[in-house]
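Heads up, the thing below is written out as structure tokens.
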Amino acid sequence: MRIAVLGGDGYCGWATALYLSGKNHSVAIIDSLTRREWDKELGAQTLTPIRSLSERVETWQKVSGKTLDVFIGDVTDYDFLYSALKAFQPDAIVHYAEQRSAPYSMINLEHAVFTQVNNVVGTLNILFAMRESLPGCHLVKLGTMGEYGTPNIDIEEGYLEVVHNGRRDVLPYPKQPGSFYHLSKVHDSHNIAFACKNWGLRATDLNQGIVYGTMTDEVAADEALINRFDYDQVFGTVLNRFCAQAAVGYPLTVYGKGGQTRGMLDIRDTVRCIELACLNPAAAGEFRVFNQFTEQFSVLQVAQMVQAAGQKLGLKVTINHLPDPRVEAEEHYYNAKHSRLVDLGLKPHFLSEGLLDSLMNIAIRYRDRVNPVQFEPSVDWRLTSSPLKLGRRATSPVANALRQTPSDGEAEWRQPVSASIAGADDDLTADGRSSTAVTSS
Ligand SMILES: NC(=O)c1ccc[n+]([C@@H]2O[C@H](COP(=O)([O-])OP(=O)(O)OC[C@H]3O[C@@H](n4cnc5c(N)ncnc54)[C@H](O)[C@@H]3O)[C@@H](O)[C@H]2O)c1
């Protein structure tokens, strides 16, 4: 199949692009590289030293003999997106290209607005581009289990049968999102459902749980293919963050009681779920919802597992219960269904001692890159503006984007479209931005 991976330079996207390419699908990466900018804004960096996108793609070509097409640009720029999709003609679009951090969306007004504009406009652009020129294409959109919140009843896969005043219907499952980021995903889901109904598009919304791990077979093939491993309070997901904390002897930061229970999955299952969704597309007009996770754990359970794994490796690991910076239930009922991807053939990798050992070993290997300040939660859900220490930039890229008067730096990296990276001069500057204009073929 021809599969466009939007957000293919990111954590899930990079692993997915390589996995799909390894399975002989033709893959294009569409990404603005903006995530690398957000790291700089926050003064944070991935624990693992990820390479520039051009080095990654060239290395993959050497290792596998396969080419990845690359289009550098912003999905919220309709003309760019339309030309990229029209040039590549995908059978499926995997849409990861969003701002995905709940704390980032809760920093202040500009970050809340930016998150919702980036995510909602990007998804609307995709829907319009599909309607205009790719009506048969299947959208595989990444949502999140956080869209549902933590209701006191079982969570179904997208829809709930309701009997009301003697009448019965199957309705979208109620959403109780817990941040402006999660709200953006709910808005996306509604827009996609509407476009499927109205225009007959086909889409699968994957409500993904929290992803852990960093290695897939493809990523492990060469050091230059290494994937992200975010550990900071804004972008670090819980298990990866705890492993980094254990590796440097920092107490594991459990928020409140730690009874917050969430669905989780190994990144090796993320990539397989995407392939399964692509190979088994939704019907025309169908808006399908799958819950994409394999196990559920409380935050405290995760901390205790990391503590045990660290101790086995001779590390002294303690657990610190901090006041919860988020507004959320610290203990609650949680039972979410997740059988539809298994029905399609997913064979889950459950969280095991072996996986925890290997994650801990990666964290230990790169622990010199940890800045412990990045562990401290400083985004407070109760405030309209958190005193987050931003990085070296005087003005955040978010503020610049909202003013719509790009700074010099942004003018430089907002290139219109690049076509296949093979043969294109796509050197990245030291800070990861595209420095050279490339032409469309
Ligand atoms: N990581 C998780 O645990 C997790 C859990 C549930 C859902 N998800 C969803 O999966 C998706 C990917 O998550 P991730 O962890 O890989 O995130 P990530 O931040 O590592 O990657 C996102 C990528 O999208 C790109 N991007 C963002 N906005 C863009 C835009 N407007 N135009 C072009 N490119 C843009 C970024 O540059 C980045 O490379 C997100 O939509 C997220 O909500 C992730």
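Quick note: the coordinates plus some simple rules give every number you see, no bench work behind them. Please read these numbers as outputs of a predicted model, since none were measured by experiment. We place every Cβ from the backbone using ideal geometry, glycine too, and count neighbours over all the protein chains shown.
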| remark: Rounded to 0.05, the calculated FRET efficiency for the beta carbons of Phe128 and Leu279 at R₀ = 30 Å is 0.70
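How many percent of the alpha carbon pairs in the stretch 114-264 exceed a separation of 26 Å?
Within the stretch 114-264, distances greater than 26 Å cover 44 percent of Cα pairs.
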| query | How large is Rg over Rh for the stretch 1-141, taking Rg from the Cα atoms and Rh as the Kirkwood inverse mean of 1/r across Cα pairs? | reply | 0.97
| note | Here the Cα Rg-to-2.2 N^0.38 Å ratio for the stretch 2-413 is 0.94
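Just subtract the alpha-carbon distance of Ala308 and Arg2 from 0.36 nm times their residue separation and send over the number in nm, one decimal.
So the chain would gain 105.8 nm between Ala308 and Arg2.
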| Extension gain, Glu376 back to Glu353 (0.36 nm per residue minus Cα-Cα distance, nm) | 5.6 nm
| said: If I take R0 = 56 Å and measure r between the Cβ atoms of His164 and Lys316 in this structure, what FRET efficiency does the formula 1/(1 + (r/R0)^6) give, to the nearest 0.05? | reply: 0.50
| Amide proton proximity set for Val289, modelled H, under 5 Å, gap of 5+ | Asp205
| Among the lysines, which fall within straight-line cross-link reach of Lys141, defined as a Cα-Cα distance under 28 Å, with same-chain neighbours fewer than 8 residues apart omitted? | Lys23, Lys40, Lys66, Lys86, Lys175, Lys185, Lys197, Lys337, Lys347
| task | Between the alpha-carbon centers of the stretch 312-377 and the stretch 126-144, tell me the distance in whole angstrom. | result | 32
| query | Taking the highest mean first, how do the peptides 340-346, 171-177 order by number of other beta carbon atoms within 10 angstrom per residue? | reply | 340-346, 171-177
| Sorted from largest down, what three extents in whole angstroms do the Cα atoms of the stretch 61-101 have along their principal axes? | 32, 29, 19
| For the chain, what relative contact order do you get, as a whole percent, if you take Cα pairs closer than 8 Å and at least 6 residues apart? | 22
